[in-house]
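Heads up, the thing below is written out as structure tokens.
The values are calculated or read from the model by the stated rules, or taken from the named source; none is laboratory data. Because the structure is a prediction, the values reported are computed rather than measured. Don't worry about glycine lacking a Cβ; one is built from the backbone with ideal geometry, like all the others, and counts go over all protein chains shown.
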Amino acid sequence: MAQNESQPWNPDRSWADPFIAALLLVILLLAGSPARFRHTGPRPPEDQATLEGRLQDVILGAAKTNTLAPLKGWTLPGTTLGAAAAGRRTGWDQALLAVHAAESGDLDTGNGLIQAAPGPAGETFRQAWAWCYRGAGAAPPAAAFQAVPKALGGGYAARILEARLLAKAGGDPRPLEAQAQAWAVARLATLGGLSLAGILLAIAGLGFALYLTLNPVRPAPLPHYGLSGRGLLIVMLGWFLTLMAAGPLVAALAGPLPWIRSIYLPLVYSCHAMAGTAYLLAAEGVGPATLWRRLAPGRFGAALAAGLGFFALAFAAVLAVSLAMSPLLPGGEPPQKALLELLAHLHGAWAVILLFLTVAVLAPVFEELMFRGFLLPWLGERLQSRLGPERGRLLAIAVTGLSFAAMHMQPLGLPTLTTLGIVLGFAFLRTGNLASAILVHSLWNGGVFILMRAFA
């Protein structure tokens, strides 16, 4: 299809309907394919403590310090092996708890928890734990023990275990104990500061919601798309198929080209983002500059200022939904847990920079273009003609928000991602400028990225 800015695509039903059915069939087949095909990308390392485990290490470690008297009554969550296993903790998360159990004098619980530590490093950890806390066996070889602190997350438990080994060898454990306490207190203070900032941001979000309620404005006119319904389905299904296929294709290249693994996620996202944008531009018959002028009219600065308010509103709304949904999640597992672990455990400066640019720049621009810049106006225009302006806009925002959440293929994150998508839709309709929604999305993704990296 050649680009022609006066002729949006209207494919003939004689071939478009079978083609749409074929796209749906292929997507369903891929969605039902074996896990080894659908999850070919890099996974969070299983030889280290998770973010959840490190957070537990911070809280339990800080509770043992002399500088935080209010936490002195805290005890190890789960006083039996059964209670610890019920939390679905990984092997190294249980190893963290084993150190804290021993430090609290509960050697029986600790002895059960140490069995979960995997691999050769796990065997070395069990040897070190038994020698330090039960006086059994011998000290582990120094070379083999080097992998244990890293597996434990390098935090309080790792430092305390090293201190106990040093004490058993006749050294002075106090410097390592002081380091462990300082590590836990500093991170707990950081978490406290972040919690306070989150509370203030949520309050700002509620204030911005009140401002929007007291200052209603006529929604900005929706951009017009001449693309037919069949054309829209082909564009969206073709892009989604590209999204599903990009991972396995890039993973296949990583076989002969191992260096690709370090930039797997940026490559995958770049492939399907460029393809999706090309599909949309070709089908609507416009160039990038023309489409951007259609989606970002008016004052750019005003749109960005409104975006800051909508970011606070998005935080407050997502926080409320997360708190309401947390009791229903299995084991309190956070949404998008695998992605958060990947962000936290990524290594290499260039890999981190590329992934940040992907998460905080490329993803917001492309996803807002597809969902708020394209799908929302297309649906809104047609739904308003059938249901009226108000109902049509609201239904279009809801459908777009749900589609946005479903695209991420994270079932546990569906409620929170849908909520975020709905707020992004309101941001676009309020300002009429896609830059406001892009800013909200960019601040959200970039903030999560920075928090994960800083904590890790």
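The table below gives the values:
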| item | result |
| --- | --- |
| Residue in region 146-158 that is assigned by TED's automatic domain parsing to the domain that holds A121, assigned to a helix (DSSP H, G or I) and more than 18 Å from G91 (Cα to Cα) present | no |
| P149 being surrounded by fewer than 18 Cβ atoms within 10 Å (Cβ to Cβ), in contact with a helix residue (DSSP H, G or I) (Cβ under 9 Å, 6 or more places away or on another chain) and closer than 19 Å to A101 by Cα | yes |
| Residue match in region 418-439 (condition: hydroxyl-bearing (S, T, Y) and within 28 Å of A189 (Cα to Cα)) | no |
| Selection within region 119-140 - out of contact with any helix residue (DSSP H, G or I) (no Cβ under 8 Å at 6 or more places or on another chain), farther than 16 Å from A49 by Cβ and either modelled with pLDDT under 90 or outside the structural domain of E177 (by TED's automatic domain parsing) (or both) | G135 |
| Extreme residue, surrounded by the fewest Cβ atoms within 10 Å (Cβ to Cβ), among residues of region 297-319 that are in contact with a Gly (Cβ under 9 Å, 6 or more places away or on another chain) and small (G, A, S) | G298 |
| Of residues in region 19-32 being more than 23 Å from W378 (Cβ to Cβ) and surrounded by fewer than 13 Cβ atoms within 10 Å (Cβ to Cβ), the one modelled with the highest pLDDT | L25 |
| Some residue of region 164-186 being outside any helix (DSSP H, G or I), in the same structural domain as W131 (by TED's automatic domain parsing) and surrounded by 15 or more Cβ atoms within 10 Å (Cβ to Cβ) | yes |
| Residue in region 210-228 that is assigned to a helix (DSSP H, G or I), crowded, with 18+ Cβ neighbours inside 10 Å and touching a residue at least 60 places away in the same chain (Cβ under 8 Å) present | no |
| Index of the failed condition, G154 passing every other in (1) in contact (Cβ under 8 Å) with a residue 12 or more places away in the chain; (2) surrounded by 13 or more Cβ atoms within 10 Å (Cβ to Cβ); (3) under 32 Å from the mean Cα position of the chain (by Cα) | (1) |
| Residues of region 406-456 satisfying the condition of being among the polar types (S, T, N, Q) and buried (at least 17 other Cβ atoms within 10 Å of the Cβ) | T416, T418, T419, T431, N433, S436, S442, N445 |
| Counted residues, region 367-403 - those being aliphatic (A, V, I, L, M) and surrounded by fewer than 17 Cβ atoms within 10 Å (Cβ to Cβ) | 4 |
| Among the residues listed as L237, L191, L249, the single one being at pLDDT 90 or above and part of a helix (DSSP H, G or I) | L237 |
